[in-house]
Amino acid sequence: MTLVGVVLTGGASRRMGRNKALIDVDGVPMASIVAEALGAAGCETVSALGGDPDELAALDIVVLADEYPGQGPLGGVISALGSAPGSPTKVAVIACDFPWLRANDLSLLIEAARDQPSVDVVVARTDRLQPACAIWDVACLPAIRTMFSSGDRSLRAAIDRLCSVEVVLPDRALRNVNTPSDLER
């Protein structure tokens, strides 16, 4: 299995007042924290996807072009699977707003992807499904493109239609940051 990582950075967040990827947690931008976890967990390369490449240059991560800017996370997954560097068989696609996610958490997803190579998606779960933290098989790209083209933009719906496995991760690992008060918790 050849695995690469992609951090979905998106653009400016209305609730946060700026791009969440660049918001510091303990002095480090959130996207950099997620990128480091992906690298430490064993991804051969780690890239960022989405947002303004000039703005994201401060992260010192290769920024991939989003084929579907502003079209939601499923468009980001399609872009990640279609433009990830090298010739990966699997792509870990993780939202930038999980600053408490660590390599050992991601290792649980990676182990499940290795143990079950025919699965299309290995997705994280806490008390609920966490579709913005998943490992996708590149071979499912045509099916996802078809869903997207038909107007279905839901990550959850895509996961439900594909062969998927859920892996339970600790709640703290997937506590995301959507508001300034989330940072204070």
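May I ask you to evaluate 6.51 cos²θ - 1.76 cosθ + 1.60, the Karplus curve with θ = phi - 60°, for each residue of the stretch 21-34 and list the ³J(HN,Hα) values in order in whole Hz, giving x for glycine and proline?
4, 9, 6, 6, 10, 6, x, 10, x, 3, 4, 5, 4, 5
Calculated from DSSP H runs of 4 or more alone, at -39500 (n - 2.57) each and per residue, what is the 222 nm mean residue ellipticity of the chain, nearest 500? Walk me through the intermediate numbers first.
On the way: 7 runs with 61 residues, N = 185.
So the helix-based figure for the chain works out to -9000 deg cm²/dmol.
Going by how many other beta carbons lie within 10 Å of each one, how would you line up 120, 97, 26, 182, fewest first?
Working: 120 23, 97 26, 26 6, 182 15.
Sorted ascending by nearby Cβ count, the order is 26, 182, 120, 97.
Just want to confirm a number: the relative contact order over the chain, from Cα pairs under 8 angstrom separated by 6+ residues, in percent. Intermediate values should be presented prior to the final figure.
Numbers: 369 pairs, mean separation 45.6, N = 185.
Once normalised by length, the contact order is 25 percent.
For 168, 177, 6, 46, what ranking results if the residue with the fewest other Cβ atoms within 10 Å of its Cβ goes first? Before the final figure, lay out each step's value.
On the way: 168 11, 177 22, 6 32, 46 25.
Sorted ascending by nearby Cβ count, the order is 168, 177, 46, 6.
Describe numerically, in nm with one decimal, the distance between label points set 7 Å from Cα along Cα→Cβ at residue 127 and at residue 171.
So the two model labels end up 0.5 nm from each other.
If neighbour count is taken as other Cβ atoms inside 10 Å, put 47, 13 in order from fewest to most. Spell out each step's value before the answer.
Numbers: 47 21, 13 16.
In order of increasing Cβ crowding within 10 Å: 13, 47.
Report the rotationally averaged projected area of the stretch 88-166 based on its alpha-carbon convex hull, in square nanometres. Walk me through the numbers before you get to the answer.
Details: hull surface 21.6 nm².
Mean shadow area of the hull around the Cα atoms is 5.4 nm².
Of 73, 170, 99, which has the largest mean-square fluctuation in a 10 Å C-alpha GNM of the chain?
In the Gaussian network model the winner is 170.
Length gain on complete extension for the stretch residue 183 to residue 152, per 0.36 nm per residue less the alpha carbon to alpha carbon distance? All intermediate terms of the calculation are to be shown ahead of the outcome.
Details: separation 31, 0.36 × 31 = 11.16 nm, distance 3.18 nm.
Between residue 183 and residue 152, full extension yields 8.0 nm more.
No value in this document is a laboratory result; all are computed from the given coordinates. Given the structure is predicted, the values throughout are model-derived calculations rather than measurements. Don't worry about glycine lacking a Cβ; one is built from the backbone with ideal geometry, like all the others, and counts go over all protein chains shown.
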